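The values are calculated or read from the model by the stated rules, or taken from the named source; none is laboratory data. Quick caveat: nothing in here was measured; it's all calculated off a predicted structure. Glycine also receives a Cβ, built like all others from the backbone with ideal geometry; neighbour counts cover every protein chain displayed.
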Amino acid sequence: MSILKNVTEKIGQKKNKKMKIHTGEAFYLWELLVSRYDSLDKTQLYCEFINDKDFLAIVKRGIKKLKNQINELEDIMTEIGITLPSRPPAKANINNNITMLKDEMIFRDIHRGIQGYIDLHARAFRSATNKDLRTLFKDYLIEELDMAEQLIEYGQLKGWFLVPPPYET
């Protein structure tokens, strides 16, 4: 059962009563949505500069996941009664040809972003006492871990990770 359906059913059962969540849960819903807006905006911009077709396909799968999560979070927040932040533009307008954006740099930036999301999802999960929201945060964490694993494997295949010097004791 989807989190939205669960939340909607519980709200419907309580007639005119909103599902009760604490301020920490409301904060993480807000933070997850705002960070997804920012990531979507930035990632769509990156798509204009990615040359590697396989990497572009991976990034576009991530964009699809971001859009699905944005819709899910907006629906949950609307049902609960949390005011939504302003959405970013649907598409980035690019006026200049920025040739210095290389696939490897874009890869590392996206990888760092995923690492940050893993931390954010873990913190959100730890703070949640509402079972449905805990499930949502856990699902997002697992999805993020799966995306990180796929991206790491691809980055290793391409040689895009900076290899630190060996450490000898």
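Would you tally the residues in region 145-161 being in a helix (DSSP H, G or I) and in contact with a Phe, Trp or Tyr (Cβ under 9 Å, 6 or more places away or on another chain)?
Residues meeting the conditions: 7.
Taking the conditions (1) at pLDDT below 95; (2) in a helix (DSSP H, G or I) in turn, PRO164 satisfies each one other than (2).
If you go through region 124-144 and keep only what is exposed (fewer than 15 other Cβ atoms within 10 Å of the Cβ) and either assigned to a helix (DSSP H, G or I) or not hydroxyl-bearing (Ser, Thr, Tyr) (or both), you end up with ARG126, LYS131, ILE142. Scanning region 24-83 for residues that are crowded, with 17+ Cβ neighbours inside 10 Å and of a type in the set (Gly, Ala, Ser) returns SER39, GLY62.
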